[in-house]
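What follows is a single structure, written as structure tokens, with notes after it.
The values are calculated or read from the model by the stated rules, or taken from the named source; none is laboratory data. Note that the coordinates shown come from a computational prediction; the quantities given were computed from them, not determined experimentally. Backbone-built Cβ (ideal geometry, glycine too); neighbour counts: all protein chains shown. SASA here: full protein model, heavy atoms, side chains in, ligands and nucleic acids out. Shrake-Rupley method; radii C 1.70, N 1.55, O 1.52, S 1.80 Å.
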Amino acid sequence: MKYDVLDMSLADAGRARIEWAQRDMPVLAEIGERYGREKPFAGIRVGACMHVTTETANLMRALVAGGAEVALCASNLLSTQDDVAAALVKYYDVRVFAIKGVDTETYYKHIDSVIAFEPHITMDDGCDVVSRIHEDFPQILDGIIGGTEETTTGVIRLKAMAADGALKYPIVAVNDANTKHMFDNRYGTGQSTIDGIVRATNRLLAGRTVVVSGYGWCGKGAAMRAEGIGANVIVCEIDPLMALEAVMDGHRVMPAAEAAKEADVWITVTGNINVIDEAMFANLKDGAIICNSGHFNVEINIPWLRENAVSSRTVKPLVEEFVLADGRTIYLLADGRLVNLACAEGHPASVMDMSFANQALAAEWMLANRDSIQPGVIDMPRDIDDEIARVKLESMGIKIDVLTPEQEKYLGSWTEGTV
């Protein structure tokens, strides 16, 4: 099977949206133009498990321009844009296995279709392809050169694999590149999470209390944008340094069970399990809205909610109402899956421009250094990170200073002291 998408008649609409996103992705476009000339991926098969969006489509186009054969599946049950999936198959020669709203069984069948492609390079967003290859398809490991990982949750899983001695090939932690997590996670997740909540609920956030669990880069972005729209923000954290930073940024910080009493909207972005659990459900006020922008839908204890609700119903698309025994009502968005992709369109193209430039260049670096790198989680090379930032500034028409020879000499000297 060369593809499995919802409806090929959507391809023209998808192509128009892909081209619209491309206009705001100049760094990736420049890389794609070079790839078209140099063909660094000639003879290479790339297997990608990522959110099938307009931005991802432009990454796939760059890889194809570079000579790669590409197979793509979704990294979330609700994140696929079906018109984009059809356009990639019809116009851009990408094998796509992705349909929005599939069940878990079909989701993994799509992943298996990408694995059956026997990729030389994997591109993952959450480590589902990598873990499935290691657990169920070890026979293809010898043919894999390396991989890349897009998100925090995936890097956590990969580091656990490496610590157990289970990871059998090298993977670049694209998420940890400065031009990825400092921008994509903060500005991309921040804006798109609020966008998803507003689209799903049409609730005014100004004057309401928004609780954010997790104050990493994604949490910082969500809190920043919630505050910017007029919400009162409470942060819940387990890391004292992050909690202190949240206080210094002007947010209230308190334990989750206490924050539950004030929450009008609750956003989880931790990468951990059962962040909203029984103790928090017991304290949530009537009408509270809960949602997740972490990669997996385990951050909210949805099984507890389903087991303890006396009734439930869908009141709007992707808005589920649960009535508890004491009469309180709780609203869950997007089945606890990525609210920014399930209820909106995910990150804006301009920020994914840097993230996917990192993906493309990390894969190229992996090929160029295939004989010298060992299995494990590898940091993004700093020179690539810096070059992406430079090109991004250039595309924005922004110039910066450079060191003079005198300044470079001074910074390299240890003999200068107080005069």
| remark: Flagged pairs (Cβ under 6 angstrom, 6 or more apart or on separate chains; first in the range 189-209, within 12 Å of residue 267 (Cβ to Cβ); second of a type in the set (Ser, Thr, Tyr) and part of a loop (DSSP other than H, G, I, E, B)) are 189/293; 193/293
| remark: In the set 27, 89, 84, the lone residue that is part of a helix (DSSP H, G or I), aliphatic (A, V, I, L, M), touching a residue at least 12 places away in the same chain (Cβ under 8 Å) and open to solvent by 10 Å² or more (accessible area, probe 1.4 Å) is 89
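State yes or no: is residue 377 under 24 Å from residue 66 (Cα atoms), at pLDDT 95 or above and in contact with a helix residue (DSSP H, G or I) (Cβ under 6 Å, 6 or more places away or on another chain)?
Working: under 24 Å from residue 66 (Cα atoms): no; at pLDDT 95 or above: yes; in contact with a helix residue (DSSP H, G or I) (Cβ under 6 Å, 6 or more places away or on another chain): yes.
In short, no.
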| Members of the range 152-166 found to be surrounded by 22 or more Cβ atoms within 10 Å (Cβ to Cβ), touching a His at 6+ places or on another chain (Cβ under 9 Å) and modelled with pLDDT of 95 or more, listed by number | 154
| task | Filter the range 58-97 down to residues that are of a type in the set (Gly, Ala, Ser) and over 17 Å from residue 362 (Cα atoms), then give me how many there are. | result | 7
| field | Which listed residue is more than 25 Å from residue 182 (Cβ to Cβ), surrounded by fewer than 20 Cβ atoms within 10 Å (Cβ to Cβ) and basic (Lys, Arg), from 390, 328 | value | 328
| note | Of the conditions (1) part of a strand (DSSP E or B); (2) without any contact (Cβ under 8 Å) to a residue 60 or more places away in the chain; (3) β-branched (Val, Ile, Thr), the single one that residue 402 does not satisfy is (1)
| note | Heads up, the strands (runs of 3 or more DSSP E) in the range 290-353 (entirely inside) with at least 3 residues that are of a type in the set (Lys, Arg) and under 13 Å from the mean Cα position of the chain (by Cα) are none
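Yes or no: residue 48 surrounded by fewer than 24 Cβ atoms within 10 Å (Cβ to Cβ) and outside any helix (DSSP H, G or I)?
Values: surrounded by fewer than 24 Cβ atoms within 10 Å (Cβ to Cβ): no; outside any helix (DSSP H, G or I): yes.
Criteria not met by residue 48.
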| task | Look through 285, 220 and report the one residue that is among the basic types (Lys, Arg) and part of a helix (DSSP H, G or I). | result | 220
| query | Do we have residue 156 as within 25 Å of residue 112 (Cβ to Cβ), in contact (Cβ under 8 Å) with a residue 24 or more places away in the chain and assigned to a helix (DSSP H, G or I) here? | reply | yes
